[in-house]
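Right, I'll just put the structure down here and ask away after.
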Amino acid sequence: MIVDKLEQSLRPPETNMPPYPPKYITLASGEKMVVHQASREDVPRLLEAVRPLVTVEKDFYDIVAARLYAELLAYQRYRVKDEYVLVGTIDGVIVGIVNGRMVDDRVGMSYHTVAIKRGLRIGAQLFAAKMEYHMDYLGQQEVLIVAESPIGYRRWMIEYELESRPSTWHELGGVPTHVLTKALWEKHKPMKCTGRRPVPPEMLEVAKKLILPSEYPQIPGFKR
Amino acid sequence: MRKVGIAGVGHTKFGRSEVPLVDMLALAALEALDDAGIRTGKGHGVDQVFVASMGAGLLNRQSSVASALVDTLNLQPAMAETVENGPASGASAVKLGYMGIASGMCDVALVVGGELMRVVTGWEATDFVATMLHPDAEYAYGLTLPAFAGMFTRLYMDKYGVTEKDLAMVAVKNHEHAMHNPVAHIQLVPSFHAIIEDEDAPVINPYVAEPLRVYDVCPVSDGAAAVVLCAMDLADRFPKKPVRIAGIGQATDTHVVAEREVPTDLLAVRLAAQRAYAMAGLKPEDIDVAELHDAFTILEIAISEEAGLFPRGEGHLAVRRGETRVGGRIPINTSGGLKAKGHPLGATGVSQIVELVRQLRGEAGGRQVEGARHGLAVNFGGFGNNVVATILSKEE
């Protein structure tokens, strides 16, 4: 892609971030969820997966989905510095998306967690994968986190015993910033984060198909 | 005493209610009244209303719920009382309805149980449920119902050889049953391998109160269930032949669990069941289907033994042999049980009765127990310190 001078000045400088190594998790249903990092080329597909949720008021899906939608666009079109996106798929079908960004070598910023398929703690597993990326692969010391929904607040702030740090600024605004420190990660990781590597090549190949969900439990009667 | 039957049943979808407490109760009540062919308003014929709720005051800051329901349903001037007996409130309310009709004080009683629990966090709900424990000897030390169940399970395992796999089998079975129950809270069948054997299991199905894991514990649910009780001598008034309440037994045990001589014995369950069998003139082997209070998977096993369905220490062996699933010798928790259908405290005892009525009427669809004639429900209050057993029989 040819980047003209004005566009070049609009783009944030990129840091060379190590990739998130894909993994797979056996969910309670027995289904295998593959978690892998999405590329900019995957974003149009992910936007389609998120779009139906933008009008779902229940459990704050609308706010979370609308913001994630914008963040995906910003990632695709180079308007956010050092963003990353992880996708959860079951048999290639998108079941959840998480994203965030690297602020600097020491600090990460968690953006959003959207579980499309519900009842299997997919959101909890994808959030854990996101924290795993920040702490174990980007080598950061802290991740700044806020939540829009009560579910998010319970899952992250309460279950991870996040440190409340209202004086620290988070790009999303919202509730006062909470922080996952390295020590908290090490404390909670064994009970929160799981998965196996490497992902068998054929399983990963299927995961990368990023098939759009044919149904959304949040939208009864949805047909694509 | 007059014979008493159940002429109508109603049940909301358990899970998360979109409407306030009294509206939710009204939805279940209206379905039951409709099932019994009763129209609200002038000349409705309902003499008495009982509402079972454990948490309306504490969780929803609402008292006198039965009075509110009567007004909402336009059932004045029916008599009305709210019944609180912990998680056994529902069966207690059915018992009081039975007594009202059997005594001749009324002909028709509406019994509704309901709870709106998801207005608080899971932790707050656990704390609320723990308020039924002894305030000085138990609650003050941070004991909760899952903690009691965990300790009870450990003792049961040591004594009778029950394993975590046995508990997971109970969970999977009840979730499978719930898939055929459209009002069940959780419509998902866990994989036995995934929740107990897979290397991801410790995170996917973590311990809540070791050795109990997430899939051994009932969810926190909103929901309501309702039954219309009637005098059997008035059975011709109703569109469907009433299912007879053949026996009711209730018993209590020490409030402080540590004061029990044998902590793995659930004496109140045993006595309540024996009293219900005696009143019904039936034996455990006459029971075709049972709804047992599986707030924790271990309780289904322990209650099945205390109620005489299996010899002591062999309930888990029956689970292994598949005897407690639909199609087995004595299907247990065909509704999905508290484990998968959900456990809105005040609703549970009534919900168990609703399931038995559906079974005895032959209306249970994919979870139907063929030829069921007698059903047993055990509603368990406290940690077994106040238990109500109810036996229903199909009138030929």
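Explain nothing, just the number: relative contact order of chain B, from Cα pairs under 8 Å at least 6 residues apart, as a whole percent.
Relative contact order of chain B: 26 percent.
Which net charge results for the neighbourhood of residue B:75, defined as the other residues with beta-carbon distances under 12 angstrom from its beta-carbon, given Lys and Arg at +1 and Asp and Glu at -1?
Net charge around residue B:75: 0.
In addition: Averaging sequence separations of C-alpha pairs under 8 Å and six or more residues apart, then dividing by the length of region A:21-207, give the relative contact order as a whole percent.
22 percent
Right, next: What number comes out for the charge environment of residue A:184, summing +1 per Lys or Arg and -1 per Asp or Glu over other residues with Cβ under 10 Å away?
-1
Something else: Share of antiparallel DSSP beta bridges in chain B, in percent to the nearest 5?
Given both bridge residues lie in chain B, the antiparallel proportion sits at roughly 70 percent.
Which residues of region A:134-166 bury at least 30 Å² of accessible area once all protein chains are present, versus their chain alone (1.4 Å probe)?
A:154, A:158
At a 1.4 Å probe radius, carbon and sulfur cover how many percent of the accessible area of region A:176-224?
Heavy-atom surface of region A:176-224 belonging to carbon and sulfur, 1.4 Å probe: 62 percent.
To continue, here is another question. At 222 nm, what value in deg cm²/dmol follows for the protein assembly as shown if DSSP H runs of at least 4 each add -39500 (n - 2.57) and the sum is divided by all its residues, to the nearest 500?
That calculation yields -9500 deg cm²/dmol at 222 nm.
Would you list the P(r) distribution for the protein assembly as shown, with all Cα-Cα distances sorted into 10 Å bins from 0 and each bin expressed as a whole %?
Result returned by the calculation: 3, 16, 24, 23, 17, 11, 5, 1, 0, 0.
Additional query: For chain B, what is the per residue volume of the convex hull drawn over the alpha-carbon atoms, in cubic angstrom?
Details: hull volume 48.6 nm³, N = 396.
In chain B, the Cα hull volume divided by residue count equals 123 Å³.
A further question follows. Based on the Cα gyration tensor of region B:129-245, what are the three equivalent ellipsoid semi-axes, each the root of five times an eigenvalue, rounded to whole Å and given largest first?
After diagonalising the Cα gyration tensor, the semi-axes are 35, 23, 14 Å.
Provide, as a two-decimal number, the C-alpha radius of gyration of region A:1-44 over 2.2 N^0.38 Å, N being how many residues it has. Could you put the intermediate results ahead of the total?
Working: Rg = 17.1 Å, N = 44, 2.2 N^0.38 = 9.3 Å.
Rounded to two decimals, the normalised Rg is 1.85.
Just to check I understand the Karplus step: with θ = phi - 60° and J = 6.51 cos²θ - 1.76 cosθ + 1.60, what whole-Hz values come out for region B:7-14, glycine and proline as x?
Karplus values, whole Hz, x for Gly and Pro: 9, x, 9, x, 7, 7, 6, 6.
Once both labels are modelled 7 Å past Cα along the beta-carbon direction, what's the residue A:209-residue A:103 spacing in nm?
Roughly 4.0 nm, to one decimal.
Quick one: P(r) of region B:311-373 from all Cα-Cα pairs, 10 Å bins, percents rounded to integers, in order of increasing distance.
Bins of 10 Å from zero give 21, 46, 31, 1 percent of pairs.
Around residue A:96, which amide H atoms from residues at least 5 apart in sequence, or from another chain, sit under 5 Å from its own amide H, with H modelled in the peptide plane?
Those lying under 5 Å, H to H, from residue A:96 are A:88, A:116.
In addition: Residue by residue through region A:130-144, which ³J(HN,Hα) values in whole Hz follow from phi under the Karplus form 6.51 cos²θ - 1.76 cosθ + 1.60 (θ = phi - 60°), with glycine and proline marked x?
In residue order, the calculated couplings are 5, 5, 4, 4, 4, 7, 9, 10, 8, x, 7, 9, 8, 10, 8 Hz.
Accessible area per residue of region A:21-207 at 1.4 Å probe, in Å²?
So region A:21-207 comes to 38 Å² accessible per residue, rounded to a whole number.
Continuing with the same structure: What number results when the radius of gyration of region A:21-207, computed over Cα atoms, is divided by 2.2 N^0.38 Å?
Details: Rg = 15.3 Å, N = 187, 2.2 N^0.38 = 16.1 Å.
Taking N as the residue count of region A:21-207, the ratio is 0.95.
Just how many pairs of Lys in chain A have C-alpha atoms closer than 16 Å, counting pairs that are eight or more places apart or on different chains?
Close lysine pairs under the 16 Å cut-off: 15.
Let me ask you something else. Net charge near residue B:377: determine it from the other residues with C-beta under 9 Å of the C-beta of residue B:377, scoring Lys and Arg +1 and Asp and Glu -1. Write down the numbers at each step before the final one.
Values: positive: none; negative: B:291, B:355.
Taking every other residue near residue B:377 into account, the sum is -2.
Given a Förster radius of 56 Å and the C-beta distance between residue A:3 and residue B:23 as r, what FRET efficiency does 1/(1 + (r/R0)^6) yield to the nearest 0.05?
0.45
Let me ask another. Could you tell me the distance between the Cα centroids of region B:79-104 and region B:183-221, to the nearest Å?
Cα centroid of region B:79-104 versus Cα centroid of region B:183-221: 34 Å apart.
On a C-alpha basis, how far is the centre of region B:242-265 from the centre of region B:1-42 in Å? Whole number, if you could?
Going from one Cα centre to the other spans 27 Å.
What are the lysines whose alpha-carbon lies under 29 Å from the alpha-carbon of residue B:283, with same-chain residues fewer than 8 places away excluded?
B:3, B:95, B:159, B:173, B:240, B:241, B:339, B:341, B:394
On to the next question. Considering amide H positions built from the backbone, and no H for Pro or chain starts, which residues 5 or more places from residue A:85, or on another chain, come under 5 Å of its amide H?
Sorted by chain and number, the residues that satisfy this are A:38.
The values are calculated or read from the model by the stated rules, or taken from the named source; none is laboratory data. Keep in mind that this is a model prediction, so the values were computed, not measured. In this analysis, Cβ positions are derived from the backbone assuming ideal geometry, glycine residues included, and neighbour counts consider all displayed protein chains. All accessible areas refer to the heavy atoms of the entire protein, side chains included, with ligands and DNA or RNA removed. Shrake-Rupley method; radii C 1.70, N 1.55, O 1.52, S 1.80 Å.
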